1. Could you quote the convex hull projected area for the chain, Cα atoms only and averaged over all directions, in nm²?
2. What residues qualify as long-range amide H neighbours of G105, i.e. H under 5 Å apart, gap of 5 or more or another chain, H built at 1.01 Å from N?
3. With r as the distance between the Cβ atoms of S180 and E222 and R0 = 22 Å, compute the FRET efficiency 1/(1 + (r/R0)^6) and round to 0.05.
4. Classify region 124-251: rounded, prolate or oblate, from the alpha-carbon gyration tensor (a ≥ b ≥ c, eigenvalue square roots; a/c under 1.5 rounded; otherwise prolate if a/b is larger than b/c)?
5. What's the Cα-based Rg to Rh of region 28-72, Rh via Kirkwood?
6. Among S128, S87, S180, determine the one that fluctuates most according to a GNM of the chain built with springs between C-alpha atoms less than 10 Å apart.
7. With each run of n ≥ 4 DSSP H residues scored as -39500 (n - 2.57), what mean residue ellipticity at 222 nm is computed for the chain after dividing by its residue count and rounding to the nearest 500 deg cm²/dmol?
8. For region 103-194, restrict the atom set to alpha-carbon positions and state the Rg and Dmax in Å.
Amino acid sequence: MENFMESGFLRSFVLKRESIPSFEIYPFNLPSVKTLNEITFHPHVTFLVGENGMGKSTLLEAIAVATGFNPEGGTFNFNFSTFDSHSTLDRYIKLIKGINKPKDGFFLRAETFYNLATNIEELDREPSGRRIIDSYGGTSLHQQSHGESFWATFTNRFGGNGLYILDEPEAALSPLRQMSMLSRIHDLVCQNSQFIIATHSPIIMAYPHSKIIELTKDGAKETTLEETNHYSLMKQFFEDKNRMLYHLLND
Ligand SMILES: Nc1ncnc2c1ncn2[C@@H]1O[C@H](COP(=O)(O)OP(=O)(O)O)[C@@H](O)[C@H]1O
Ligand SMILES: [Mg+2]
């Protein structure tokens, strides 16, 4: 692990609470934002977890936009925009950066991976030498399943020395691929990469060189895999499936 970075590209972010106009309007009214002061990132992997609607995507997007990514996702080079749906939160956070700058990067916004695929096809229609799709594995991302196209991007396009911001990467992946993802995350971490990942997958959260931040109605707090709801619910479900099903189907 000689290449492990001691400090990440992103060290932390501070919410500039004094400049926020009102905590009654979106996105400042989100419980996780209302009580937030600062989130310190792990130099390798930081997980954002929590129930649907807690604000994971909103926070991730603000971090990505403040870092210089297109709000709709992709590498640092993409600047297409099909619709402007991102919140203004990025203007109210101060990012504390490390000494080194990332040489590679990717922001995976689950909802807009489709637009990225379309954008690559459009750019490749222009005669400009090297095809972009070749660095994504060569096959049009539209001609593969959601899982296959994300996997092709993850294994071919992510090159190390990178900052990777991923929103629910497991959405498209089988449990086996989620486990393979742990190996690939580890390879990239050993090549000086930093990840910030919003996830519901206890498999992905199990990556050891990491920190888990749970967003709840009471704010953001650091936790462990075993303490997350995701882990304990899954465990309970499979340890006593019949009892869980009885309550779910009869109560
Ligand atoms: N443009 C918007 N205007 C108002 N509310 C929004 C907007 N976008 C998202 N929200 C609300 O903010 C909350 C948090 O959304 P999100 O960050 O996507 O949560 P998560 O990713 O944790 O499921 C949700 O309840 C959602 O309805
Ligand atoms: Mg989300």
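1. Values: hull surface 62.9 nm².
Orientation-averaged projected area of the Cα hull: 15.7 nm².
2. Answer set, sorted by chain and number: F76, L163.
3. Working: r = 27 Å, r/R0 = 1.23.
Given R0 = 22 Å and the Cβ-Cβ separation, E is 0.20.
4. Values: a/c = 2.67, a/b = 1.75, b/c = 1.52.
Note, shape of region 124-251 comes out prolate.
5. Numbers: Rg = 11.2 Å, Rh = 11.7 Å.
My calculation of the ratio gives 0.95.
6. In the Gaussian network model the winner is S128.
7. Numbers: 8 runs with 77 residues, N = 251.
Helices in the chain give a 222 nm mean residue ellipticity of -9000 deg cm²/dmol.
8. 13.2, 40
The values are calculated or read from the model by the stated rules, or taken from the named source; none is laboratory data. Note that the structure is a prediction, hence the values are computed from the model and not measured. With ideal geometry, Cβ positions are generated from the backbone for all residues, glycine too; neighbour counts draw on all protein chains shown. Areas reflect the complete protein model, heavy atoms only, side chains present, ligands, DNA and RNA absent. Shrake-Rupley method; radii C 1.70, N 1.55, O 1.52, S 1.80 Å.
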